[in-house]
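K.L.:
Before I ask anything, let me first share the structure, which is written out below as structure tokens.
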There are 2 protein chains.
Amino acid sequence: MMKVNAELFLLTYGAIVAQIIEDKKDIKEANETLLKYGMAIGNRLVDDFLSKTDLETGVTGKPEAITQAIAKAGFKAYLGLTADAKFIKGDEMEDGIEPSREHKDRAIIEFPGKADRGKMCPVSAFVDIPEHLRGLQYWGIIVGVMKGALKMLDIPVEIEVTKDSCVGDTKTEFTIYFDKMLTHTYEGRKIE
Amino acid sequence: MMKVNAELFLLTYGAIVAQIIEDKKDIKEANETLLKYGMAIGNRLVDDFLSKTDLETGVTGKPEAITQAIAKAGFKAYLGLTADAKFIKGDEMEDGIEPSREHKDRAIIEFPGKADRGKMCPVSAFVDIPEHLRGLQYWGIIVGVMKGALKMLDIPVEIEVTKDSCVGDTKTEFTIYFDKMLTHTYEGRKIE
């Protein structure tokens, strides 16, 4: 698998964020643009992503397997980051009722912040969001990549950056909320 | 050395080019912006670049050594590309006279285009510049990175993309023109 230097990627990522901030009228629009680009990238990467995992149709629908695939095939293979992944099962709901966020199946993906320079994060290693850009979702492209790739697999998710080393947290953590009870049906059939 | 996935880099690179095209009023301005971002990245990368080469003060000034360093430390280490490098000595000029371009010392850096998919280019693998964007310098950021890093080393250059797989050539080739006869003086002393 071809690789490029992490620092070059980090600086290129920074350049696109800078360009978007310069061109968009406010932080909200900048965040939307970052997410949009990320989703477009995710759409393109999904085949490559599947080739790196043992996810298969049917199995794909299991959020536990997806969680591990994101952390391993995703963060490890694409960003060289060793991420911890944890799956939390949501509450059982009645059929046909969409649970609110805190009841949903969710994945927590976590990796070290700036402290651990040996494991430099190839996205945010040198980033501190200044006061006037507070609210900027620096991770927006990466969030979009996950969201876009999962959408192509018919797995709609919401993703929240629940800890962020760009704004002073010691770790970065993404929480992925699975939008429907995937354990119920996938491609029209029961998989659990 | 940390690495990230080449396809993720390629798509991120593509996203920044797309964003710049969308926001700038014409191709000329887009090209200038790409070059500007590249130079900013080159300024930041130069210390890392020096750490990957055996270039030292004084030696740095030898364009032959710089040519090899760009192809090996540059293209190989940053983009994972196996590039061929060739140095062509310019004509001898009288002291103090800046030679015109065709008389300058120059480096030619060349690497395979799309045909050789095993060596996918992590910048332009899937790129074909459409007719309405003719003139876009897709390589602008990479050109800027080289220009910016060399400028930090007090080595001003001009760089021309002399073959370009994005517009149908079978290879991509950069010609680097060294802006002054570096063999004459570097840091105030004769080095050859």
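A short reminder: the numbers here are calculations on the coordinates, not readings from a lab. Note that the structure is a prediction, hence the values are computed from the model and not measured. Please note: Cβ atoms are built from the backbone with ideal geometry, for glycine as well, and neighbour counts cover all protein chains shown.
K.L.:
Give the nm distances, rounded to one decimal, from A:Pro156 to the matching residue in every other copy, measuring between label points 7 Å along Cα toward the beta carbon; shortest first.
P.N.:
Spelled out, the distances from A:Pro156's label point are 5.8 nm.
K.L.:
222 nm [θ] for chain B, helices only, -39500 (n - 2.57) per DSSP H run of 4+, per residue, to 500?
P.N.:
Mean residue ellipticity, 222 nm, calculated: -11000 deg cm²/dmol.
K.L.:
Related question: With θ set to phi - 60° and the Karplus curve 6.51 cos²θ - 1.76 cosθ + 1.60, what are the ³J(HN,Hα) couplings of the range A:101-111 in order, to the nearest whole Hz, using x for Gly and Pro?
P.N.:
So the J values, rounded to whole Hz, are 3, 6, 9, 7, 4, 8, 10, 10, 10, 9, 8.
K.L.:
Under the convention of a label 7 Å out along Cα→Cβ, give the distances in nm from B:Glu64 to the same position in every other copy, shortest first.
P.N.:
6.4
K.L.:
Ordered shortest first, which distances in nm separate the 7 Å Cα→C-beta label point of B:Thr170 from those of the other copies?
P.N.:
Listed shortest first, these distances are 5.8 nm.
K.L.:
Can you list the HN-Hα couplings for the range B:74-81, worked out from phi with the Karplus curve (6.51, -1.76, 1.60; θ = phi - 60°), rounded to whole Hz and with x for Gly and Pro?
P.N.:
Working through the residues one at a time gives x, 5, 6, 6, 8, 10, x, 8 Hz.
K.L.:
Could you work out the mean count of beta carbons from other protein chains within 10 Å of each residue's beta carbon in A:36-45?
P.N.:
Rounded to a whole number, the mean comes out at 4.
K.L.:
Please state the equivalent ellipsoid semi-axes for the protein assembly as shown: what are the square roots of 5 times the Cα gyration tensor eigenvalues, largest first, in whole Å?
P.N.:
Gyration-tensor ellipsoid for the protein assembly as shown: 44, 21, 19 Å.
K.L.:
A further question follows. Two decimals is fine: what is log10 I(q)/I(0) at q = 0.09 Å⁻¹ for chain A, from a Debye sum with one equal scatterer on every Cα and no solvent?
P.N.:
-0.34
K.L.:
Quick one: which residues, 5 or more positions from B:Met2 or on another chain, have an amide H under 5 Å from its amide H? H modelled 1.01 Å from N in the peptide plane, none for Pro or chain starts.
P.N.:
So B:Met2 has HN proximity to A:Ala6.
K.L.:
I would also like to ask the following. Considering only A:Ile70, A:Leu11, A:Thr175, whose Cα is most displaced toward the positive end of the charge dipole of chain A, charges sitting on Cβ of Lys, Arg (+1) and Asp, Glu (-1)?
P.N.:
In chain A, that residue is A:Leu11.
K.L.:
Still on this structure: Given charges of +1 on the Cβ of Lys and Arg and -1 on the Cβ of Asp and Glu, with all other atoms neutral, how large is the dipole of the range B:6-184 about its Cα centre, in debye to the nearest 20?
P.N.:
It works out to roughly 480 debye.
K.L.:
What list of ³J(HN,Hα) couplings, whole Hz, do you get for the range B:13-27 from phi and the Karplus terms 6.51, -1.76, 1.60, once you set θ to phi - 60° and write x for glycine and proline?
P.N.:
4, x, 5, 5, 4, 4, 5, 5, 4, 5, 8, 9, 7, 8, 4
K.L.:
Rounded to the nearest 20 Debye, what is the dipole magnitude of the protein assembly as shown about its Cα centre when Lys and Arg each give +1 and Asp and Glu each give -1 at the C-beta?
P.N.:
The calculated dipole for the protein assembly as shown is roughly 520 debye.
K.L.:
Can you tell me the order of A:143-156, B:141-154, A:17-30 when each peptide is scored by its average per-residue count of other Cβ atoms within 10 angstrom, highest first?
P.N.:
Output ranking for A:143-156, B:141-154, A:17-30: B:141-154, A:143-156, A:17-30.
K.L.:
Evaluate peptide B:15-24: per residue, the Cβ atoms of other protein chains within 10 Å of its Cβ; return the mean as an integer.
P.N.:
5
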